[in-house]
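Here's the structure we're looking at; comments come further down.
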Amino acid sequence: MKRASRLASLGLALVLVTGVVERVWSQIADPDKALAGLQDKILSKGPNGEEPSPASSVSLSAEEVERIRGLKAKAAIVMHYSRNDWSEAQVAGLKSQFDKMGIEVIAVTDAGFLAERQVADIEAVLNKHPQIIVSIPTDPIITAPAYKKASQQGVKLVFMDNVPSGFEAGKDYVSVVSADNYGNGVASAHLMAKALQSKGQIGLVYYAADFFVTQQRYEAFKKTITESYPDIKIVAEQGIREPDFFTDADRAAYAMLTANQKLSGIWAVWDVPAEGVIAAARTAGNEHLAITTIDLGLNVAVEMAQSSGLVKGVGAQRPFDQGVTEALLAGYGLLGKPAPAYVALPALPVTRDNLLDAWKTVYHTEAPSSIENRMK
């Protein structure tokens with residue numbers, strides 16, 4: 001009787017333990033399934049909490065385009081920074097669509113991430129009397145008075161990623177366009193988990209400034225890892241600031257790698273910091289580090305193309321299509337056509353397996369030979 005009682009107790013304990021194990025395993029995500037589930041979803045909300053409208057919902061009829069062509073409008077593109085792949089692709093998309101609409105681009109400026117310089121850029125382009133300004137504010141507070149002046153002069157403002165503080169969609173500006181930065185943060189987390197087989201110790205290199213979209217990426221990555229992959233531990237974090245993102249990320253990553261020999265992965269907030277992480281890993285002699293990031297820049301794509309490359313995955317934006325969408329929304333502003341307050345394009349998970357097709361999606365061109373040659 002006692003033995004039967006003990007066996008029954010053992011059986012009950014086994015059931016309970018098994019149940020706990022099943023519950024623990026049920027918390028661990030399948031990276032491939034999770035990545036597939038991101039297709040055509042938009043997880044981000046706008047700078048002021050707006051629900052997203054898909055870019056596919058933004059369009060102009062042939063008759064509307066002809067009306068815009070008759071206006072012979074002028075546009076200025078006021079960038080936070082123009083010397084990277086993302087900015088160049090976005091400007092290319094804007095120019096392509098503006099050309100179809102008969103809109104002349106009279107200026108493209110580069111503030112070098114300096115808010116004060118961007119304020120001066122806005123003042124300079126206003127002297128050229130554009131009807132449209134498409135811009136990404138470097139700082140939502142410092143730049144606000146300059147953008148307010150443009151709005152009060154009747155200039156149609158379309159923003160990339162961020163909006164000036166205190167601005168109201170449909171009143172002070174037409175719309176804001178962004179990638180699904182939260183979704184790309186989620187994608188880069190699942191790609192990290194896939195590379196590490198859902199276990200290991202990792203570090204994070206994030207952007208320390210108060211910038212809406214990069215904060216979304218960081219929060220999304222950290223939340224996804226913490227909640228979906230209990231065997232991946234975030235053991236180090238370091239913020240970086242402009243202007244030298246490569247060097248700052250290199251130093252941060254090297255410090256992480258030398259302080260923790262068990263570090264198996266590092267996430268970087270976008271491609272230029274990721275290049276710094278690559279350099280740090282090579283300096284530290286770590287050829288097995290898994291790196292994931294956001295933005296499919298040329299250098300990270302070249303690294304990913306190699307079978308032994310350190311970059312294992314990218315949550316890519318679609319900057320050319322963002323530029324096209326921004327130009328279309330500028331057309332909405334010229335026509336007085338009601339526009340959605342926040343428009344987003346879905347995240348694009350990229351690995352070596354889909355790299356060449358992803359490049360075409362992101363840049364609307366064939367991948368350069370520097371990528372294709374490393375795929376062979």
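The values are calculated or read from the model by the stated rules, or taken from the named source; none is laboratory data. Just so you know, these numbers come straight off a predicted model, no measurement behind them. With ideal geometry, Cβ positions are generated from the backbone for all residues, glycine too; neighbour counts draw on all protein chains shown.
Please state which of the following conditions Thr224 fails to meet, knowing it meets all the rest: (1) more than 28 Å from Gly112 (Cβ to Cβ); (2) assigned to a strand (DSSP E or B); (3) under 16 Å from the mean Cα position of the chain (by Cα).
Of (1) more than 28 Å from Gly112 (Cβ to Cβ); (2) assigned to a strand (DSSP E or B); (3) under 16 Å from the mean Cα position of the chain (by Cα), only one is false for Thr224: (2).
Among the residues of the stretch 275-284 satisfying the criterion of being of a type in the set (Val, Ile, Thr) and closer than 28 Å to Ala89 by Cα, which is surrounded by the most Cβ atoms within 10 Å (Cβ to Cβ)?
Once the filter is applied, the top-ranked residue is Val277.
Please go through the stretch 82-104 and give me each residue that is under 16 Å from Phe320 (Cα atoms) and surrounded by 19 or more Cβ atoms within 10 Å (Cβ to Cβ), ordered by number.
Of everything in the stretch 82-104, those that are under 16 Å from Phe320 (Cα atoms) and surrounded by 19 or more Cβ atoms within 10 Å (Cβ to Cβ) turn out to be Asp85, Trp86, Ser87, Ala89, Gln90, Val91, Gly93, Leu94, Gln97, Phe98.
Out of the stretch 227-243, which residues are touching a strand residue (DSSP E or B) at 6+ places or on another chain (Cβ under 8 Å) and either in a strand (DSSP E or B) or surrounded by 15 or more Cβ atoms within 10 Å (Cβ to Cβ) (or both)?
Once the filter is applied, which keeps residues that are touching a strand residue (DSSP E or B) at 6+ places or on another chain (Cβ under 8 Å) and either in a strand (DSSP E or B) or surrounded by 15 or more Cβ atoms within 10 Å (Cβ to Cβ) (or both), the stretch 227-243 yields Ile232, Lys233, Ile234, Val235, Ala236, Glu237, Gln238, Gly239, Ile240.
Going by the structure shown, is Gly309 assigned to a strand (DSSP E or B) and in contact (Cβ under 8 Å) with a residue 24 or more places away in the chain?
No, not satisfied.
Quick one: which of Ala280, Ala301, Ala339, Ala358 is among the hydrophobic types (A, V, I, L, M, F, W, C), at pLDDT 95 or above, in a helix (DSSP H, G or I) and in contact with a strand residue (DSSP E or B) (Cβ under 7 Å, 6 or more places away or on another chain)?
None of the others qualify; the one that does is Ala358.
What residue, of Ala107, Ala111, is in contact with a Lys or Arg (Cβ under 8 Å, 6 or more places away or on another chain) and crowded, with 23+ Cβ neighbours inside 10 Å?
After ruling out the rest, the residue left standing is Ala111.
Would you say Leu356 is surrounded by fewer than 24 Cβ atoms within 10 Å (Cβ to Cβ), more than 19 Å from Ala189 (Cα to Cα) and hydrophobic (A, V, I, L, M, F, W, C)?
Considered against the rule, which asks whether it is surrounded by fewer than 24 Cβ atoms within 10 Å (Cβ to Cβ), more than 19 Å from Ala189 (Cα to Cα) and hydrophobic (A, V, I, L, M, F, W, C), Leu356 comes out as yes.
Pull up the stretch 244-271, narrow it to residues that are of a type in the set (A, V, I, L, M, F, W, C), part of a helix (DSSP H, G or I) and modelled with pLDDT of 95 or more, then point me to the one that is farthest from Gln317 (Cα to Cα).
Ala259
For (1) closer than 22 Å to Ser53 by Cα; (2) in contact with an Asp or Glu (Cβ under 6 Å, 6 or more places away or on another chain); (3) among the aliphatic types (A, V, I, L, M); (4) in the same structural domain as Gln216 (by TED's automatic domain parsing), each residue gets a yes or a no:
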{"residue": "Thr258", "(1), (2), (3), (4)": "no, no, no, yes"}
{"residue": "Ala268", "(1), (2), (3), (4)": "no, no, yes, yes"}
{"residue": "Ala284", "(1), (2), (3), (4)": "no, no, yes, yes"}
{"residue": "Thr293", "(1), (2), (3), (4)": "no, yes, no, yes"}
{"residue": "Leu296", "(1), (2), (3), (4)": "no, no, yes, yes"}
{"residue": "Ser307", "(1), (2), (3), (4)": "no, no, no, yes"}
{"residue": "Pro340", "(1), (2), (3), (4)": "yes, no, no, no"}
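Could you check the stretch 244-293 and list, in sequence order, the residues that are of a type in the set (Val, Ile, Thr) and in contact with a Ser or Thr (Cβ under 6 Å, 6 or more places away or on another chain)?
Matches in the stretch 244-293: Val269, Thr292.
Filtering the stretch 132-150 down to residues that are surrounded by fewer than 19 Cβ atoms within 10 Å (Cβ to Cβ) and more than 25 Å from the chain's Cα centre (by Cα), which residue is nearest to Pro340 (Cα to Cα)?
Ranking the qualifying residues of the stretch 132-150, first place goes to Lys148.
Can you report the number of residues in the stretch 156-197 which are closer than 27 Å to Gln118 by Cβ and assigned to a loop (DSSP other than H, G, I, E, B)?
Residues meeting the conditions: 13.
Against the definition (without any contact (Cβ under 8 Å) to a residue 24 or more places away in the chain and either surrounded by fewer than 22 Cβ atoms within 10 Å (Cβ to Cβ) or at positive phi (or both)), how does Glu287 come out, yes or no?
It is true that Glu287 is without any contact (Cβ under 8 Å) to a residue 24 or more places away in the chain and either surrounded by fewer than 22 Cβ atoms within 10 Å (Cβ to Cβ) or at positive phi (or both).
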